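The values are calculated or read from the model by the stated rules, or taken from the named source; none is laboratory data. Everything numeric here is computed off the predicted structure, so don't read it as measured data. Heads up, the Cβs are rebuilt from the backbone with ideal geometry, glycines too, and the neighbour counts pull from every protein chain shown. Side chains included, ligands, DNA and RNA excluded: accessible areas come from the protein's heavy atoms. Shrake-Rupley method; radii C 1.70, N 1.55, O 1.52, S 1.80 Å.
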Amino acid sequence: MADVHPEHAQLQADRIYLGWQYILLHPDPGPPPKRPSPVEESEPSPAEPDPELVRRERLQEDLLNRPVRIFRWFMVILTAIILGAAVAGYLNWSFALIGLVAAGGVAGICSYALLQGDRAVKYRVHEQQARDDRQRQERDKELFHAQEEHAQRYREWQELKDRHDRQLTWYAVAVPDEIDRIDVAGGTLPGWSALITLLGATRLYTGGHLTVLDLSEGAVAKDLIELAGRGGDEPLVWVLPVDLPKLDLGATLKPEAFADVLAHVVSVSEESRTTRDLSFDNAILERVLEVLGENATINQVTAALRALAQVGDPRDDLRFGLITATQLERIGTLFGRGVSDRVVIERAWALESQLRKLETLGTQAVRLPPARLRVVSMDRQAGVFGNRVLGTYVATALTHILRQSPASDRPWYHTIIVAGADKLRGDVLDRLMDACETSRTGLVLTYRSLTPAVRERLGRGHAAVAFMRLGNAEDARVASEHVGTEHRLELAQLTETISASIAGLDGGYTSTISQVEDATEERGDSRTDLAEDITESTEWGRTATKMGETERVLQRSREFLVEPHQLQQLPTTSVIVTDATAEGRRVRLADANPAILTFPRTTLGELDEVRDAVLALTGSPGDEEEPPPNLGPPPPRLDWRKDR
């Protein structure tokens, strides 16, 4: 089991990193539970009766006993009258005594009734006070239980809150190096820049070598070059056609291979060319190279083709030393005379007209220092057709060099990135794919549009496919059918916000070949910080601080289905990665922004790997989504000079 704890997380050489996946395994638990508070009571203390209750009870009793009280006073007054009449002699004492007993007895009975009413009032007040006491005790008991329950719920909320605050939010999206190729369909130039910077930096950090063939004319590897230079390496950058004289690519090829390369270069403008046509051009070039001998240059080949096509004055080429008189004589007799002569002349003329764009190739070749990053780019101010010729030459020459090289012990140790591969012919791409597969060289192809030739090759063989923003509706439809519209992906709000704020690419490449003499100076072997280098030397990293602050605020995300209109609205750095595994086909949405590596909650472990590791640690299936307790990886240490 891999250790996904951030303090041990390191880039792994057997993985190709394509971005990070935003996942919140534990949602925000919300505000803390409200603490129950006791009800404020205006009641007196339990030792004293409620005066208001006593008043109400006495008032009620007085209202009930008012007739009795009045009747008692009447009996008392009657008793006094009878007693007065008896004392005054108006009434016989025998009758008076009877009256006194009757009236006094009734008054006594009324007094007793009033006394019983007072006792009933006191009893009711006492009973009510006892009930209030019991209710108060019940409320206190309920409040105690409620506070205990609140304390338990608060502890549970605190655990959820801590788990939410500590969880990782960005998980690495990588594919194993068992695959042979990565096809990137769609995308904008800033999106390609982010993906190439991330992929290239991680490959260089793991000790690999990288070659970038930029046919996009958009300087998509500019940030990667600056990052590699800050890390201690000296990238080699050719800007063609200006640096064509110092480009020695293909100089060591044998005549047969050199003829094959030139034949494919000529076919760049003829998409309908057949294998028969290529063989015919190849035969002409092979015979010409046999005459010129080994180590023949392009300008010598074009001079021989002019002589074969009877174009211009061959004496000029003789005077400049491009061909000799003996070679000129042999060229004139290569194909004899007859009907086929006119066909050869026409093809030789066509070959010369296109190969002359490569005449300066290798004329000022110098010994170059070792470099683990090589970038060959096309000048956007040059002609479109000329750039296609140069790009085809570089791709075909690389193919032959790979075919002659032994298979690498480590797959993807050398990685080739072709930006704008849809500008190459399909057969050129096929040969490059096959050469990379047999030599175990990693290959990344990016396509701006899904032409019929691209659709035939997209994901063919053991390859992973990545889709970026597809502006064309038909391309978006093809991509959605390839991925599957049933997939529901989660897009981070941060990705949408940052992608909208990133401007387009500015400027172009700066050639390093002209300063190659300065590049031979030795530098001290120092270890540098990858996260710091990304922050300070790339356009994406320069906004890392702002992005890190935004990450703490923008924690929301939205889900969407893989439908054509959604693929046309993908953020700049969003990448939908599809690859096949032993468990089945995976579809993941990643953000290729390299600055995410600097975030504190980013891990180099993949989502499934983190889940499996935590499940093994906890041993409980219910906790399988519990992330590691640490926040994220410390910035990896980068030694660009490793394995040089």
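Of the listed peptides 566-575, 25-34, 240-249, 197-206, what is their order by residue-averaged count of other C-beta atoms within 10 Å, with the highest listed first?
197-206, 566-575, 240-249, 25-34
I'd like the FRET efficiency for ALA407 and ASP14, computed as 1/(1 + (r/R0)^6) with the beta carbon distance as r and R0 of 25 Å, rounded to 0.05.
0.95
Among GLY293, GLY391, ALA307, whose Cα lies farthest out toward the positive end of the dipole of the stretch 286-397, if unit charges sit on the beta carbon of Lys, Arg (+1) and Asp, Glu (-1)?
GLY391
Counting only heavy atoms of protein chains, what accessible area per residue, in Å², does the stretch 344-465 have with a probe of 1.4 Å?
Here the per-residue accessible area is 41 Å².
List the relative contact order of the stretch 285-413 as a percent without decimals, with contacts defined as Cα pairs under 8 Å and 6+ residues apart.
Worked out over the stretch 285-413, it gives 26 percent.
How far apart, in nm, are the 7 Å Cα→Cβ label points at ARG558 and ALA350?
My value for the distance between the label points is 5.3 nm.
From the backbone phi of the stretch 377-393, what are the Karplus-calculated ³J(HN,Hα) couplings (6.51 cos²θ - 1.76 cosθ + 1.60, θ = phi - 60°) in whole Hz, Gly and Pro given as x?
10, 10, 6, 5, 8, 7, x, 5, 5, x, 5, 5, 5, 5, x, 5, 4
Subtract the Cα-Cα distance of LEU115 and THR326 from 0.36 nm times their separation in residues, and report this length gain in nm to one decimal.
Once the chain is fully extended between LEU115 and THR326, it gains 60.6 nm.
So, R0 is 45 Å and r is the distance between the beta-carbons of LEU334 and ARG380; what FRET efficiency does that work out to, to 0.05?
0.70
Taking amide H atoms as placed 1.01 Å from N in the peptide plane, list the residues 5 or more away in sequence, or in a different chain, whose amide H sits under 5 Å from that of LEU210.
Answer set, sorted by chain and number: LEU373, ARG374, THR415.
Starting from the exponent 0.38 and prefactor 2.2 Å, build the expected Rg for the stretch 72-199 from its residue count and divide its actual Cα Rg by it.
So the stretch 72-199 has a normalised radius of gyration of 3.45.
Which one of ILE225, HIS264, LEU247 has its Cα pushed farthest toward the positive end of the charge dipole of the stretch 174-266, where Lys and Arg give +1 and Asp and Glu give -1 at the Cβ?
Result: ILE225, furthest along the dipole toward the positive end.
Based on the mean of other beta carbon atoms within 10 Å per residue, what is the order of 72-80, 113-121, 384-392, 301-309, most packed first?
The peptides rank, most packed first, as 301-309, 384-392, 72-80, 113-121.
In whole Å, how far is the Cα centre of the stretch 209-233 from that of the stretch 277-298?
34 Å
How much length, in nm to one decimal, is gained on full extension between ALA151 and ALA102, taken as 0.36 nm per residue of separation minus their Cα-Cα distance?
10.4 nm
Once you treat every alpha carbon in the stretch 206-254 as an equal point and sum by Debye, what is log10 I(q)/I(0) at q = 0.21 Å⁻¹?
These q points yield log10 I(q)/I(0) values of -0.93.
Over the stretch 95-163, give the accessible area per residue in Å² for a 1.4 Å probe, as an integer.
Ligands and nucleic acids excluded, the result is 69 Å² per residue.
What whole-number value in Å² describes the accessible area per residue of the stretch 227-331 for a 1.4 Å probe?
Each residue of the stretch 227-331 exposes 44 Å² on average to a 1.4 Å probe.
Pairs to check: LYS141/LYS161; LYS222/LYS254; LYS34/LYS161; LYS222/LYS357. Give those whose C-alpha atoms are more than 24 Å from each other in this structure.
LYS141/LYS161; LYS222/LYS254; LYS222/LYS357
Highest mean first, how do 583-595, 479-491 rank when packing is the count of other Cβ atoms within 10 Å averaged over residues?
Per-residue mean Cβ counts within 10 Å order the peptides as 583-595, 479-491.
Could you work out the relative contact order of the stretch 421-480? I mean the mean sequence separation of Cα pairs under 8 Å and 6+ apart, divided by the number of residues, in percent.
After rounding, I find 32 percent.
At a 1.4 Å probe radius, carbon and sulfur cover how many percent of the accessible area of the stretch 129-267?
Roughly 51 percent of what the probe reaches on the stretch 129-267 is carbon or sulfur.
Report the local net charge at ARG431: Lys and Arg +1, Asp and Glu -1, summed over other residues whose C-beta lies under 13 Å from its C-beta.
Summing Lys/Arg as +1 and Asp/Glu as -1 gives -2.
Whole number please: convex hull volume per residue, Cα atoms of the stretch 247-405, in Å³.
131 Å³
Set the Förster radius R0 to 22 Å, insert the Cβ-Cβ distance between GLU294 and ASP248 as r into 1/(1 + (r/R0)^6), and round the FRET efficiency to 0.05.
Between GLU294 and ASP248 the formula returns 0.90.
Suppose every K and R has +1 on its Cβ and every D and E has -1 on its Cβ; what is the size of the dipole of the stretch 293-364 about the Cα centre, in Debye to the nearest 20?
100 debye
With only Lys, Arg, Asp and Glu charged, each at its Cβ (+1 for the first two, -1 for the last two), find how big the charge dipole of the stretch 363-452 is about the Cα centre; round to the nearest 20 debye.
260 debye
Given a 1.4 angstrom probe, I'd like the percentage of the accessible area of the stretch 391-462 that is carbon and sulfur, rounded to a whole number.
50 percent
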